[in-house]
Amino acid sequence: MRSNISLFTGLILIAFLVTLAILAPVIATHDPATTSAEKWLQPPSSEHFFGTDRLGRDIFSRVLYGARVSLSVGMLSTFVSLGIGTLLGLLASYYGGLVDVIIMRFADVVLVFPSMLLAITLVSIFEPALWLVILVIAGTGWPSIARLVRSEVLRLRQSDFVASARLLGAKNRRVVWRHLLPNAIGPVLVAATLCVPAAVMTEASLSYLGLGVQPPTPTWGNMLRDAQLYLRFAWWYAFFPGFFVFITVFAFHLTGEGLRQALGLSQTARRGWRAGS
Amino acid sequence: MGNLLEVKNIVYTYGRIAAVDGVSLALGDSDSLGLVGESGSGKSTLGRCIAGLLTPQRGRILYQGKLINGRLHKEIQLVFQDSFAALNPRMKVEALVEEGLIIHKTADKEKRRRQVREMLQTVGVDPALLSRFPHQLSGGQRQRVALARTLILNPRLIILDEPVSSLDVTTGMRLLSLLQDLKVKHNLVYIFISHDLAVVRQICSRVAVMYAGKIVEIGDVEAVFARPVHFYTKLLLDAHPIPDPEQRKKINIRGEAADLLSPPSGCRFHPRCPAADQRCRRIPPPFVEVTDNHRVACHKAISS
């Protein structure tokens, strides 16, 4: 029962956020880039629901447009790391031996590398851009997926139903696609759901540091960066972007948790290993 | 008469544990072999070696005179003890039964569907269950689906690894009579792994008794059951309840199953055997022929 409630609430929240992002041009009351010299730092009102920023731009509209960046970075980078992680995890567990060692040690190296540091380095080499942010997050996020896929496949490979398929003459490709992947997908899906909020946070942090998506494109991260000087006298400036980061992270965590319970996975399955069967 | 299956002195070890330690047996065209012994005696491992799921470290397995060590053979199939674990939880009954046909590309879609339906009827599963998942079936239905899955490839030799031990008694009995029918109808040879002697007696013509990775007695079911020679076989038969208390004679056998990490010297059963002497403790007993087809690995078999 509880799992259904968290899954349900989480999914509703995500659907709500995605709708806001997609319909941003329709819902937004103002142009997110239009500045106004006389209306700067106004508190929330019926005209500016979330107030205005230091340049007189409408924060409500900017938050909506920011959602587009945050959510697409979060989801796209999760998608990419899911793809890379699943592929490498499968290869490692399936071929074992040297392939396994090479892939998993590489994954360890990536895993211990602070993603923020990597981002800072890469951004200083290339120009900061949206695709670079996605690439950095995906590039550091895949090892955890790969580990999970690997451990799931290693566990499933020992199962009777895989032996049974082999007895019928199933070759590797069939075993992987029909038997291993469909059964490994549950815990991986949960992990992927939990990757999204991490990616949203990373994007926000990078943008906050000025290394992410560059102004004038509004993102929650660079709005927070702008707001930090005005925290004491314009609470709304930082509050609304921050609140949306929170809601997004919360929604995906709720969904992941709900999914985990709905799929009947134990607490540890999330981390990649399960006791017994 | 050539042998359908010949197993010659195979050894399979898990790490330091020899689960199967030098087993030989031969199976004729119309034999069905019961493999009995307590948990850990190596019967399942032997079954998996024959099925080709495990490759024995030593010895040879011949099927129709051809060496098949560690190789799967379309005509040799295995039905697992736990039908729940043996069926992919994400596949429906139809896909499960159809899988062998798809792999071997034997027919087009239409013909496959028909074959699947016929096969389900053969094993007594209502075709209405075609789109059910394994967890939506009863234990008996699951085991029948597992059976249908292997039968669809027209196997010759089926290894049944305690197929009824997870079912309740009546369901198990019905599955057994189905197995008997199928054996005749499809000309099948079974290797029936079980610890239930009555079941082995019902299904099989021959029986092999395993203890601590070795076969200790092998022979025709009637002969072995009527005149067991090895003390371990006597123990097994004695452990099986006999309805008439007048007929019961207790043999006093103590101790626990042999430790496979350091198996007893000589005859592996000697620490528990009431008749063991110096020779049993030192020298592993050779196989001796008691009567036709009835062979025992026991020093006392000759002297008694």
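The values are calculated or read from the model by the stated rules, or taken from the named source; none is laboratory data. Predicted model only: the values in this text are computed from it and were never measured. Cβ placement follows ideal geometry from the backbone for every residue including glycine, while neighbour counts extend to all protein chains displayed.
Quick notes
- Close Cβ contacts (under 6 Å, 6 or more residues apart or on different chains) running from residues in segment B:156-168 that are under 29 Å from B:GLN64 (Cα atoms) to residues that are assigned to a loop (DSSP other than H, G, I, E, B) comprise B:ARG156/B:GLU75; B:ILE158/B:LEU188; B:ASP161/B:PHE80; B:ASP161/B:GLN81; B:GLU162/B:GLN81.
- Condition check for A:ALA163: touching a Leu at 6+ places or on another chain (Cβ under 6 Å), away from every other protein chain (no Cβ under 14 Å) and either over 27 Å from B:GLY52 (Cβ atoms) or surrounded by 18 or more Cβ atoms within 10 Å (Cβ to Cβ) (or both): no
- Single residue of segment A:78-123 satisfying the filter (touching a Leu at 6+ places or on another chain (Cβ under 8 Å) and among the small types (Gly, Ala, Ser)) that is surrounded by the most Cβ atoms within 10 Å (Cβ to Cβ): A:GLY89
- Members of segment A:114-155 found to be of a type in the set (Asp, Glu) and under 22 Å from A:VAL69 (Cα atoms), listed by number: A:GLU127
- Verdict on B:SER44 being in contact (Cβ under 8 Å) with a residue 40 or more places away in the chain and within 13 Å of chain A (Cβ to nearest Cβ): yes
- Among all positions in segment B:54-71, there is no residue which is under 22 Å from B:LYS183 (Cβ atoms) and either within 12 Å of chain A (Cβ to nearest Cβ) or in a helix (DSSP H, G or I) (or both).
- Test: residue in segment B:90-104 that is over 24 Å from B:LEU188 (Cβ atoms), touching a residue at least 24 places away in the same chain (Cβ under 8 Å), buried (at least 16 other Cβ atoms within 10 Å of the Cβ) and within 8 Å of another protein chain (Cβ to nearest Cβ): yes
- Residue pairs whose Cβ atoms lie under 8 Å apart, separated by 6 or more positions or on different chains, with the first residue in segment B:265-279 and among the hydroxyl-bearing types (Ser, Thr, Tyr) and the second modelled with pLDDT under 85, do not occur.
- Subset of segment B:63-80 that is at pLDDT 90 or above and buried (at least 17 other Cβ atoms within 10 Å of the Cβ) - its residue that is farthest from the chain's Cα centre (by Cα): B:TYR63
- Filter result for A:THR29 (within 30 Å of A:GLY264 (Cα to Cα), touching a residue at least 12 places away in the same chain (Cβ under 8 Å), surrounded by fewer than 20 Cβ atoms within 10 Å (Cβ to Cβ) and not aliphatic (A, V, I, L, M)): no
- The numbered conditions (1) within 14 Å of another protein chain (Cβ to nearest Cβ); (2) outside any helix (DSSP H, G or I) are all true for A:HIS179 except (2).
- Subset of segment B:149-165 [buried (at least 18 other Cβ atoms within 10 Å of the Cβ) and away from chain A (no Cβ under 12 Å)]: B:ARG156, B:LEU160, B:GLU162, B:PRO163, B:VAL164
- Against the test of being of a type in the set (S, T, N, Q), within 28 Å of B:VAL184 (Cβ to Cβ), in contact (Cβ under 8 Å) with a residue 12 or more places away in the chain and exposed (fewer than 14 other Cβ atoms within 10 Å of the Cβ), the options B:SER138, B:SER83 yield a single qualifying residue, B:SER138.
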